[in-house]
Amino acid sequence: MRVATHRRLDQSPLPDFCSPPVLFTLLVVAALTVTVMLLAPDSSRGWRGYCVGMLFAEWMATVIGVALCKLRPALQRLPGRLPYAAVWLLMLLIVAGASGIAVWMNDVLMMALIHASAFVFVRDNAIIAALLGAAMLRYFYVLAQWQARLAAIAHAQVEALQARIRPHFLFNSMNTVAALVRVDPEAAERTVEDLSELFRAALGQHSSHDGTLGDELNLIERYLAIEQLRLGERLRVRRELDALPHAFPLPRLLLQPLVENAVRHGIQPLREGGEVILRGKRMNKTIEIEIDNPLPDTPSLGGNGHGLDNVRQRVAYRYGPRAQVQAGPQHGRFVVRLLLPENTDARIDR
């Protein structure tokens, strides 16, 4: 029951009001509102009024952010779109109540900072809060819907990738095993073990947690071992992996399909074969991984772009906008480069 409840709460459309980006958005919107009011035509507010208004607006944004952060677990239990209505009403009440307190303090302390009547001051602030709150919540709602669609696409593509086994690879691998059984039983046994690991990764229904870079590199080595037996000297692999952090979290089956594409589209069409280069380094808190393969004069069926859209979407969803996936021909070769930031507010569910 606790697991189901936790899962349901995580799927709430409400943004995480405790996160720095959301709190920063509230503060920026408050500051921009006061600035626009100062720059508006026929504005009677001077710099003194601007500073006081800025202080009041930022105080309001902070109070609203803290209140929504603390009340989010209760608000997100409401059905349908009621969480957004409740947040909007709560913002309105906080602004109205704080405006009333500000008027009272202004009168008691005789600061003469508020020249309008108490009713007008509270009414105007409440209207501004209602309009800005509705616009911000609409933005957060659209953002949540976009993230939900992106998550659904990412999960669907992962499932499709896990369920996809190319028949030619299976048949070729089994033929390789059959040929090795009599001449080299140990190699045949290793090939079966490598093939079973690949199939386990491709067909297994994993949890939503990531694998690691070390797991993915191990899977790549198993795949290359199978293809090495089949292609022989036609397949040459150069590894330039400089002290990569093997514990770095990585979505499962992210790199192996790219290496498979490099072999299928870069090595197989060439009678003389070629060299696949695996590069990796850690620089400025960023993991850079490159998969480099020859570019045949006549592209094979499907082209080198197969699966790249899938990789781009999964990387963007998992690591955020700082991550990059670059792909294209360079000096007669096809290079796929992944730039994955180490420190992010990345999601852990692929």
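Taking amide H positions as placed 1.01 Å from N in the peptide plane, with prolines and chain starts having none, which residues 5 or more places from GLY211, or on another chain, fall under 5 Å of its amide H?
For GLY211, whose amide H was placed from the backbone, the distant partners under 5 Å are LEU250, ARG252.
Could you please rank THR33, THR62, placing first whichever residue has the fewest other Cβ atoms within 10 Å of its Cβ?
Numbers: THR33 19, THR62 14.
Fewest to most other Cβ atoms nearby, the residues stand as THR62, THR33.
Could you pull out every residue, at least 5 positions away or on a different chain, whose amide H is within less than 5 Å of the one on GLY280? Hs are placed 1.01 Å off N in the peptide plane, and Pro or chain starts have none.
Close amide H contacts, sequence-distant or interchain: GLU240, LEU241, ASP242, GLU290.
Using the Cβ atoms and a cut-off under 10 Å, what net charge is assigned to the surroundings of PHE17, where Lys and Arg are +1 and Asp and Glu are -1?
Around PHE17, the surrounding residues sum to +1.
Could you give each residue of the stretch 335-341 its phi-based ³J(HN,Hα) in whole Hz, using Karplus coefficients 6.51, -1.76, 1.60 with θ = phi - 60°, and x for Gly or Pro?
Coupling constants for the stretch 335-341: 10, 10, 10, 10, 10, 10, x Hz.
Let me check against my output: what whole-number percent is the relative contact order of the stretch 164-341, with C-alpha pairs under 8 Å and at least 6 apart?
With pairs under 8 Å counted, the relative contact order is 17 percent.
Can you tell me the convex hull volume per residue for the stretch 164-341, based on C-alpha atoms, in Å³ to the nearest whole number?
124
Take the eigenvalues of the Cα gyration tensor for the stretch 2-149, scale each by 5, and report the square roots as semi-axes in whole Å, largest first.
Rounded to whole Å, the semi-axes are 33, 16, 12.
Any idea what % of Cα-Cα pairs in the stretch 212-286 are farther than 20 Å? Can you show the working numbers first?
Working: 892 of 2775 pairs.
That fraction is 32 percent.
With r as the distance between the Cβ atoms of ARG239 and ASN343 and R0 = 35 Å, compute the FRET efficiency 1/(1 + (r/R0)^6) and round to 0.05.
After rounding to 0.05, the efficiency reads 0.85.
Using packing as a proxy for protection, rank 96-107, 135-146 so that the peptide with the highest average count of other Cβ atoms within 10 Å comes first.
So the peptides 96-107, 135-146, ranked by packing, come out 96-107, 135-146.
Values in this text are rule-based calculations from the coordinates and carry no lab data. Everything numeric here is computed off the predicted structure, so don't read it as measured data. So basically every Cβ, Gly included, is an ideal-geometry build from the backbone, and we count neighbours across all protein chains shown.
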